[in-house]
Amino acid sequence: MSKPIVALVGRPNVGKSTLFNRLVGERLAIVDDIPGTTRDRLLSESLWNGVDFYVIDTGGIDPSAGGETPLSIGSSKYIQQIKDQALVAIDDADAILFLTDAENGVTDPDREVADILRRRQKKLADGKFWPPIFLVVNKCDNKARRQSVGEFYELGLGDPYPISALHGTETGDLLDDLVSSFTPQQVEAEDDSVHIAIVGKPNAGKSSLLNKLTGEDRAIVSPIPGTTRDAIDTKIQFEGIEITLIDTAGIRKRGKIDPGVEKYSVLRSFKALERADVALLMIDASTGITAQDAHIAGFILDAGKSCVVIVNKWDLVEKDTYTFDKFSKKVLHDLNFMDYVPLLFISAKSGQRVNKVLPLAMQVQEERLVRLSTSKVNQVIHNAQDAHPAPSRKGRQLKMYYGTQVRSDPPTFLIYVNDPKLAHFSYRRYLENRLRDEYGFLGTPIRIALRGRKD
């Protein structure tokens, strides 16, 4: 089930990045007194009162562009940039935090954006408006500024929330109302199909692969990176099994994402992965594996999704006897944290080996659902301990007593030990490899949790 998305919208230097850092609990956004410091999208998860949600810090608005200065806040180009940002945010977000600041008071850009937000809200059957908009007046660091908040009522967005993002003042009340505004996710019709998401950086051939798999032009195919803006679901039948193919917008490196629509389409790609069982990570063979490919693979791993690496445009690569082996080793080296994933070399344009994509994805899905018996798990961990005992730490050695698989999808194992702190990361990896030796779990991440005997 997808988590709600909260977008931070507002002109530069109102404290969006500061509030973002406070909401996610980390200094992920660069904070600077220079307006326009945030030039790209930042996305992270937040938790309040047991409710998980995504926070997206918007950027791409540069008031100094085209000779404009931070003081020329009334320039038409500057206001248009903020308006474009607000339009995309209100289309994709589940709630909007519209930031202003008490230091500068109500400005022309504030009025323009407020007008857009009011007009674009949708009225629901119960009389409420969607998405909910919270007018946040930041930098209320003293009594005088808090008393000036009344002027923001002119924006017509209801009661303003006076806060100090820097000090955290009054942010608790804001978050209480924010999470209570999230509507319960609609109960989707029961869907037993296997969800396969096609992900990758722009122009890797995702839409071309979708069209080949479906046998028709369901997605627009264009050589222009970033053509696909939305996640597109397509139902197909494969050997009597229903499959939902999710074609997503290309995920582009930060700083390479155009402001506006494409920036938020990246967020849609992340949301699509949440709904997937298996991810097809498309790599462009003509450019080779890049750092951004590894970044996307890391997100797939963090989401606990199974994966098949599809090396596309293989027909464009000049080959000799060693090309295949060299390329394979390079990919697995750069994705060494996912060395269990299978590789498939195809040409989505010509159809070369495309017929092997779905069989391999379904094999990976089957292994994702495998459950080992408790006796088998204990046999593996005891043999692993006998063959290679854990190194001692400060005179103490890890001892494993008992293990069991507590869930599948993805396979998750719980092992009771004397002290989990004695288990080095490398030994956890060793245990994972021994489990894979016993049963491959092809393309599927394995999670191992250690629990102390006292716990």
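Observations, loosely collected:
- Selected residue (only one of Val179, Val194 is within 23 Å of Ile300 (Cβ to Cβ), modelled with pLDDT of 90 or more and out of contact with any Leu (no Cβ under 9 Å at 6 or more places or on another chain)): Val194
- Among the residues of region 144-158, those identified as open to solvent by less than 30 Å² (accessible area, probe 1.4 Å) and under 35 Å from the mean Cα position of the chain (by Cα) are Phe152, Leu155, Leu157.
- Complete set of residues in region 387-406 that are open to solvent by less than 70 Å² (accessible area, probe 1.4 Å) and among the polar types (S, T, N, Q): Thr404, Gln405
- Subset tally (residues that are hydroxyl-bearing (Ser, Thr, Tyr) and part of a loop (DSSP other than H, G, I, E, B)) for region 304-348: 3
- Checked against (1) open to solvent by 70 Å² or more (accessible area, probe 1.4 Å); (2) out of contact with any strand residue (DSSP E or B) (no Cβ under 9 Å at 6 or more places or on another chain); (3) more than 30 Å from Ile236 (Cα to Cα), Tyr427 meets all criteria but (1).
- Search result, residues across region 349-384 that are touching a strand residue (DSSP E or B) at 6+ places or on another chain (Cβ under 7 Å), over 29 Å from Tyr430 (Cα atoms) and not in a helix (DSSP H, G or I): Arg353
- Qualifying positions in region 333-375 - open to solvent by 60 Å² or more (accessible area, probe 1.4 Å) and hydrophobic (A, V, I, L, M, F, W, C): Phe337, Leu369
- Residue within region 412-426 that is at pLDDT below 95, among the aromatic types (Phe, Trp, Tyr) and assigned to a helix (DSSP H, G or I) present: yes
The values are calculated or read from the model by the stated rules, or taken from the named source; none is laboratory data. Source: prediction; values computed, not measured. Using ideal geometry, Cβ is built from the backbone for each residue, glycine included, and neighbour counts are taken over all protein chains shown. The area values use the complete protein model at the heavy-atom level, side chains included, leaving out ligands, DNA and RNA. Shrake-Rupley method; radii C 1.70, N 1.55, O 1.52, S 1.80 Å.
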